[in-house]
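Asker: Starting off with a structure, shown below.
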Amino acid sequence: GAGVSQSPRYKVAKRGQDVALRCDPISGHVSLFWYQQALGQGPEFLTYFQNEAQLDKSGLPSDRFFAERPEGSVSTLKIQRTQQEDSAVYLCASSPDGLYGYTFGSGTRLTVV
Amino acid sequence: DQQVKQNSPSLSVQEGRISILNCDYTNSMFDYFLWYKKYPAEGPTFLISISSIKDKNEDGRFTVFLNKSAKHLSLHIVPSQPGDSAVYFCAVIPRKGKLIFGQGTTLQVKP
């Protein structure tokens, strides 16, 4: 597609539930990123893929967070046993080279109740 | 510890006037800086960037100034328009694959 597509747009999860957030990057973009944006804050880096390789996962806040991109295109961010502090907008971005030309999706707003 | 800081959470200006958004950073090794604009319920979109080898970059109504000695950059919008009302983030790329964002400044341009 023309842009980065994320689904679902909104997700309400009960505390303790597992969730999976999907990102469809721009076709041909080698690099894919996940960011977390809490209310009133700037986006914070979670993880970075180059093709199917996860090159940096230093921003994942705990081992409840897991991301994958098995075929080098679509990516899934999974959060296990969700907690209230996980409530945020999760943004996905893709880039041709990982340096410039980042394009962000509209995000998934996760609310944990 | 915030490596990129936007100390003004909000700014309100009159249509036609200049908007100045500010950003400070802590690491003098940063060498590429960007500004993003974000409307509600949308992802950030790239606005303008500057490399540390320059002190100014201009694109239409938008100009970014970089003061390396002060570790400060600013975004000037002239003239401001109501459609410019959005949240503006400055960001740096410390290494390939990672952007560090400031907290954002909400700009309101009043007609």
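The values are calculated or read from the model by the stated rules, or taken from the named source; none is laboratory data. Fair warning: this is a prediction, and the values are worked out from it, not measured in the lab. Here the Cβ is made from the backbone with ideal geometry for all residues, glycine too, and neighbour counts use every protein chain on show. The area values use the complete protein model at the heavy-atom level, side chains included, leaving out ligands, DNA and RNA. Shrake-Rupley method; radii C 1.70, N 1.55, O 1.52, S 1.80 Å.
Asker: So who's got an amide H within less than 5 Å of the one on B:GLN108, skipping anything under 5 residues away but keeping other chains? H placed 1.01 Å off N, in plane.
Answerer: HN-HN under 5 Å from B:GLN108: B:LEU11, B:SER12, B:VAL13.
Asker: Additional query: Quick one: what are the phi-derived ³J(HN,Hα) couplings along the range A:8-23, Karplus 6.51/-1.76/1.60 with θ = phi - 60°, whole Hz, x for glycine and proline?
Answerer: Computed from phi, the couplings for the range A:8-23 are x, 6, 9, 9, 10, 10, 7, 3, x, 7, 8, 10, 9, 10, 10, 9 Hz.
Asker: Could I ask something else about it? Assuming a viscosity of 0.890 mPa s and a temperature of 25 °C, what translational diffusion coefficient in µm² per second does Stokes-Einstein assign to chain A, Rh being the Kirkwood radius over Cα pairs?
Answerer: In µm²/s, the coefficient is 178.
Asker: Under the classification rounded if a/c is under 1.5, otherwise prolate if a/b is larger than b/c and oblate if not, where does the range A:4-45 fall, given a ≥ b ≥ c as square roots of the Cα gyration tensor eigenvalues?
Answerer: Judged from the Cα gyration tensor, the range A:4-45 comes out oblate (a/c at least 1.5, b/c at or above a/b).
Asker: What's the carbon and sulfur percent of the range A:15-97's accessible surface, probe 1.4 angstrom, rounded to a whole number?
Answerer: Looking at the range A:15-97 in its full context, I get 44 percent from C and S.
Asker: Using the alpha-carbon centroid of each, what span in Å lies between the range B:4-27 and the range B:44-75?
Answerer: 12
Asker: Using alpha-carbon pairs under 8 Å, 6+ residues apart, how would you state the relative contact order of the range A:15-97 in percent?
Answerer: 43
Asker: So, one more: Tell me the Rg and the Dmax, in Å, that the Cα atoms of the protein assembly as shown produce.
Answerer: 17.6, 51
Asker: At a temperature of 25 °C and a viscosity of 0.890 mPa s, determine how fast the range B:1-108 diffuses translationally according to Stokes-Einstein, using the Kirkwood radius over alpha-carbon pairs as Rh; express D in µm²/s, rounded to the nearest whole number.
Answerer: In µm²/s, the coefficient rounds to 177.
Asker: Here's another thing I want to ask about it. Set the bar at 23 Å for Cα to Cα. Now go through B:LYS38/B:LYS68; B:LYS5/B:LYS56; B:LYS37/B:LYS98; B:LYS68/B:LYS110; B:LYS37/B:LYS96 and name every pair that lies beyond it.
Answerer: Exceeds cut-off: B:LYS38/B:LYS68; B:LYS68/B:LYS110.
Asker: How well do other chains shield peptide A:91-97, expressed as the mean number of their Cβ atoms within 10 Å of each residue Cβ?
Answerer: 2
Asker: Tell me, what HN-Hα J-couplings in whole Hz come from the Karplus equation 6.51 cos²θ - 1.76 cosθ + 1.60 at θ = phi - 60° for each residue of the range B:78-92, using x for Gly and Pro?
Answerer: Here the 3J(HN,Hα) series is 9, x, 6, 10, x, x, 7, 4, 5, 9, 10, 10, 8, 8, 10 Hz.
Asker: Now, a different point. Each residue of the range A:58-70 in order: what ³J(HN,Hα) in whole Hz does its phi give by Karplus 6.51 cos²θ - 1.76 cosθ + 1.60, θ = phi - 60°, with x for Gly and Pro?
Answerer: Rounded to whole hertz, the list is 5, x, 5, x, 7, 6, 7, 9, 9, 10, 8, 8, x.
Asker: Here's a follow-up. Say we join alpha carbon atoms closer than 10 Å with springs in a Gaussian network model of chain B; which of B:LYS54, B:LYS38, B:LYS96 then has the biggest fluctuation?
Answerer: B:LYS96
Asker: Take every residue in peptide B:93-105, count the Cβ atoms of other chains within 10 Å of its Cβ, and give the average of those counts.
Answerer: Mean inter-chain Cβ contacts per residue within 10 Å come to 6.
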